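The values are calculated or read from the model by the stated rules, or taken from the named source; none is laboratory data. Please read these numbers as outputs of a predicted model, since none were measured by experiment. So basically every Cβ, Gly included, is an ideal-geometry build from the backbone, and we count neighbours across all protein chains shown. All accessible areas refer to the heavy atoms of the entire protein, side chains included, with ligands and DNA or RNA removed. Shrake-Rupley method; radii C 1.70, N 1.55, O 1.52, S 1.80 Å.
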Amino acid sequence: MSMIDSSAIEKTSDTPMLQVNKVWKTYGDNVVLEGLDVTVQQGEFVTLVGTSGCGKSTFLNMLLGTVEPSRGEILLDGKPIPNEPGADRGIVFQQYSVFPHMTVLENVVTSKGFQRKGFTGLLFGKARREAVKEALEILDQVGLSYAVDKYPHELSGGMKQRLAIAQALLGKPRILLLDEPFGALDPGIRADMHALVLKLWKEHKLTIFMVTHDLKEGFYLGTRLWVFDKLRHDEQAPQRFGAGIPYDLAVGQVDHDLYREIDDDIQPVPQQVA
Amino acid sequence: MKKLINQTPDRTFQVFLGLLPFVLLIVLYMVSSDARLEVNPNDKLLPSFSQIGDGLSRMALEPSKRTGDYVFWQDTASSLTRLGLGVLIAAAIGLFVGVITGALPLFTAWVSPLLTVVSLIPPLAILPILFIVFGLGELSKVVLIAIGITPFIARDIQRRTQEIPPEQLVKAQTLGANTSQILMRVVLPQILPKLIDAVRLSLGAGWLFLIAAEAVASTDGLGYRIFLVRRYMAMDVILPYVAWITVLAFFIDQGLKHLNKTLFPWNERA
């Protein structure tokens, strides 16, 4: 299925990491997704683009476990994906991804504490010292070591997202889900974040799914681009048919006209081709 | 000349404007009081400030001839103890019920309808029941305050808990947190400043229930004293007592506000 050729991708086994088998999502008569049928290998960086309300976030939430498929199944490492959020899938939302009542350091240390069983997940003594050490390392990787004692409301939007990514990385998730993580950031900051995500993706050998409105971002970041769009239209009943994935592209193998065609398809038109 | 909606006072003028009504009220009182005392030196309705001072010092600085207590301070201590206990109990129950019903949908479905109905019961209407069940002692007064404001605090905390972005709860789960860890580490710390806010808002009602309970059945307390000396039209005692209650309420409110800022520096939204 996959035609990706990237040195960062490890093909560890024959069975794909993620299998999506004929997945539908309907709310009453409203069909959101129809017949999704894709597989993803470990190490791929999949970007999901499409119009608002085309179901790409619904699909991400299925991976996250907050939305269940109406029909079909999603397998992670050959097993049905759990129907609630868990430590095997990390998430960074557009906002509200960090805990506002904890300092930057405490945000990350707490993530470490949540990996243990127990009533509060509070860490003491040696466990806490080790967690702090690990937290400082990861904060250094995302470029936040100068702000460890600040509270999130003292950070800029980009810094908050760096913190959210640091938290998610510490959990060593099988897949990392990014739900329009840079949508609220300034263009300059966004470029820095792109560099950071690519660096972490390579260093930590992550498998990433990222929803974005920005087609250019989708092309630049991913190894694979999914365009969510309706395959069929009924003018009288626009909700009759759901979205599928009409374009499943290995990034870098796309010509200019196709880019323009997709760009015209998804609204709002984000940016010009570089 | 700017439009009225665009006119803002500078700092000095702001203070002046704020103090003006107080000064006017005091002057108005003094003039009215003097006028009445001019006509009838034994008039009790509007005592002069020196008479009020005498009344206050009699209550606060001289031991009671009957019991040997300093009545004013005795009343203050009794009232504040009752109010404090009642509010503390209400805050504890309200926090627990509010967080559980706000964060766990199963408990929302189970407890919310009951909570809504209970909050509609007028607490003063069940004061006789409390007297019958708990007797005329301290307990029934504390219980009245607690019953009176617990539903308000519980519902407020429930709403605040539901206002925590669901993203945070999902995020905590993706980091491996279980339910109790989410409640203890994500929900509870963010709710505590809201609890202090809820307590500040409910203190007005707390004073109301306190004074009502003391007026009906008590042997001391600020509310008891006011209703007792009403029989002798002792405005020289009633007025300083009312002022004192206002001062106490003001400082408790400011204290809680300050406590909130000190304990939860992250709570100020950017």
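Structure data summary
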read-out	value
Selection status of B:Leu175, within 14 Å of another protein chain (Cβ to nearest Cβ) and either under 30 Å from A:Gly86 (Cβ atoms) or modelled with pLDDT of 90 or more (or both)	yes
Within the range B:2-29, tally of residues that are open to solvent by less than 90 Å² (accessible area, probe 1.4 Å) and either part of a helix (DSSP H, G or I) or under 24 Å from B:Pro240 (Cβ atoms) (or both)	10
Flag for B:Val186 being within 14 Å of chain A (Cβ to nearest Cβ), part of a helix (DSSP H, G or I), open to solvent by less than 30 Å² (accessible area, probe 1.4 Å) and not hydroxyl-bearing (Ser, Thr, Tyr)	yes
Residues of the range B:171-181 classified as within 37 Å of the chain's Cα centre (by Cα) and crowded, with 22+ Cβ neighbours inside 10 Å, total	2
Some residue of the range A:144-155 being within 11 Å of chain B (Cβ to nearest Cβ), within 22 Å of B:Gln173 (Cβ to Cβ), open to solvent by 30 Å² or more (accessible area, probe 1.4 Å) and free of Cβ contacts under 8 Å to residues at least 12 places away in the same chain	no
Selection count where residues are more than 23 Å from A:Lys205 (Cβ to Cβ), touching a residue at least 40 places away in the same chain (Cβ under 8 Å) and more than 7 Å from chain B (Cβ to nearest Cβ), scope the range A:84-136	8
So A:Arg89, is it at pLDDT 90 or above and in contact with a Lys or Arg (Cβ under 8 Å, 6 or more places away or on another chain)	yes
Residues satisfying the stated conditions in the range B:203-245, i.e. open to solvent by 40 Å² or more (accessible area, probe 1.4 Å) and not hydrophobic (A, V, I, L, M, F, W, C)	B:Gly204, B:Thr219, B:Tyr224, B:Arg230, B:Arg231, B:Tyr232
Conditions (1) closer than 29 Å to B:Ala77 by Cβ; (2) in contact (Cβ under 8 Å) with a residue 12 or more places away in the chain; number of the one not met by B:Arg155	(1)
